[in-house]
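For reference, the structure is listed below as structure tokens.
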Amino acid sequence: MSVRVLLFASYAEALGRDEVALDVPVTATVADVLEQLRTLPGAERLPPKPLVAVNARYAHLADLVSAGDEVAVIPPVAGG
Amino acid sequence: MSVRVLLFASYAEALGRDEVALDVPVTATVADVLEQLRTLPGAERLPPKPLVAVNARYAHLADLVSAGDEVAVIPPVAGG
Amino acid sequence: MRSALVSRPLDPAALLAEVAAMGHGATTLFVGTVRDMHEGRAVSGMEYHAYEAMAVHELNAVVAEAEARFPGAQVVCEHRTGALTLGEASVVIAAAHAHRAPAFEACRFVIEELKRRVPIWKREHYLDGTRAWVDPTASAPVASHP
Amino acid sequence: MRSALVSRPLDPAALLAEVAAMGHGATTLFVGTVRDMHEGRAVSGMEYHAYEAMAVHELNAVVAEAEARFPGAQVVCEHRTGALTLGEASVVIAAAHAHRAPAFEACRFVIEELKRRVPIWKREHYLDGTRAWVDPTASAPVASHP
């Protein structure tokens, strides 16, 4: 199945894009999506365990993802 | 010697005036001024140890007063 | 730093502007207003009285102490006197600093110290036509005998 | 309660007015502004980026939590996005309550939680022409490779 991965700020710069579609198994977790993402050039600059959101809510690495989910990799936030 | 005593808010109401001149001995302290003040009608409504300022600065009961000093008896403050 | 006792309406935006500076990343503001209830009684308005010479001195000392206690803070405060209607501002404090913690703490310090020692008194007017001096040290307002 | 992510200049006075009510005796305001120095480097401006759908949700959740944690508090918050110049406000929080302690604490709660979890990022532009993403978890800004 396909999930849409969003990248922001320094992570978008690291991978040279702010969005990428990834193919993952139907039983994939957030951790599996990250592992797949790490095969892309520039992904070696991501930290070992970045914050992740699924469909705009913070998620755990063990959470399952579904086809069409929006998986966002969240750099350290710096609002205010 | 004479000192000028200022009264405010509920204390001014208690004594029915906001200012009174008192004659006190040359060696008088703030406590002596208060004792003299207590002879006036309405002064029984003052608390036993009110806050006092001499010449617009907080003072202690044992502080000496001088001729012409402005002695203010300060009700509980309620600014803000 | 600046402080003042004023008889005209207070302008919070003006105090915010007064502490603005390129080196400040954080500005806090406190506005005290006359509210419609106090200790269960319906309030119609408030009179603020001050021992003016002393209040001006103490208020300035409080603001100076805030800036000394939080180095780099810029603080201004104005307190209103006279008759105020419901919702009107009785006090405005603006505090700015490079960082937010001292900006918050300087602002809070000023209102706490002001309430502790600046010789200002207020008389509440109630909807039932009575009035009373507010005594924060008492459990209930002191009845007024005008 | 209300919160928003906006691309126009923020208006602190409007937020103060928004939380005004006759039952409120205390109103606090926090304004975050772009300052001219950060960790020893001269800053010329700042870009704020957000994961918009999520930032709107998280910001609203933070403001709702502030009102739940301090019952009776009324809180509004606006956060700016886009390019800001020095001295411009990036965030404004107004909190009002009958009493001052919860007004201060609700305001402080919102800025602390916002900085902890709302997905907003900022890129500093320096006077020397370089720029970098601000990483509050790092000791120094992350170099930017545009």
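What follows draws every value from the coordinates through simple rules; no lab data is involved. Here the structure is a predicted model, which means the values were calculated and not measured. Don't worry about glycine lacking a Cβ; one is built from the backbone with ideal geometry, like all the others, and counts go over all protein chains shown.
Relative to the Cα centre, the charge distribution of chain A, modelled as +1 at Lys and Arg Cβ and -1 at Asp and Glu Cβ, gives a dipole magnitude of about 160 debye.
According to the Kirkwood expression over distinct Cα-Cα pairs, how big is the hydrodynamic radius of the stretch C:10-146, in Å? All intermediate terms of the calculation are to be shown ahead of the outcome.
Numbers: mean 1/r = 0.0631 Å⁻¹.
Kirkwood hydrodynamic radius for the stretch C:10-146: 15.9 Å.
Backbone geometry of the stretch A:69-80 corresponds, through the Karplus equation with coefficients 6.51, -1.76 and 1.60 at θ = phi - 60°, to 3J(HN,Hα) couplings of 4, 9, 9, 9, 9, 9, x, x, 6, 9, x, x Hz, x marking Gly and Pro. In this assembly of identical copies, the label point of B:ASP63 (Cα plus 7 Å along Cα-to-Cβ) is separated from its counterparts by 6.4 nm, sorted shortest first. Relative contact order, whole percent, for chain B stands at 40, derived from Cα pairs under 8 Å and 6 or more residues apart. With the label put 7 angstrom out from Cα along the Cα-to-Cβ vector, A:ARG4 ends up 7.8 nm from the copy partners, going from closest to farthest.
Listed from fewest to most Cβ neighbours within 10 Å, the set B:LYS49, D:LYS122, D:LYS115 follows the order B:LYS49, D:LYS115, D:LYS122. Beta bridges from DSSP with both residues in the stretch D:1-125: antiparallel share about 85 percent, rounded to the nearest 5. Chain A residue nearest the rotation axis toward B, with distance: A:GLY80, 14 (Cβ to axis, whole Å). The stretch B:1-57 and the stretch C:63-140 have Cα centres spaced 27 Å apart.
Computed from backbone phi, the HN-Hα couplings of the stretch C:115-128 come to 5, 7, 9, 7, x, 10, 10, 9, 10, 7, 10, 9, 4, 7 Hz, rounded to whole numbers (Karplus: 6.51 cos²θ - 1.76 cosθ + 1.60, θ = phi - 60°; Gly and Pro given as x). Just the number: Rg to Rh for chain A, Cα atoms, Kirkwood Rh, two decimals. Rounded to two decimals, Rg over Rh is 0.93. Inter-copy label distances for C:MET22: 4.8 nm (label point placed 7 Å from Cα along Cα→Cβ; shortest first). Distant-in-sequence amide contacts of D:VAL43, defined by a placed amide H-H separation under 5 Å and a gap of 5 or more residues or a different chain, comprise D:MET37, D:HIS38, D:LEU127.
Tell me whether the protein assembly as shown comes out rounded, prolate or oblate; compute the Cα gyration tensor, take square roots of the eigenvalues as a ≥ b ≥ c, and use a/c under 1.5 as the rounded threshold. Present the calculation step by step, with values, prior to reporting the outcome.
On the way: a/c = 3.59, a/b = 2.54, b/c = 1.41.
Prolate, since a/c reaches 1.5 and a/b exceeds b/c.
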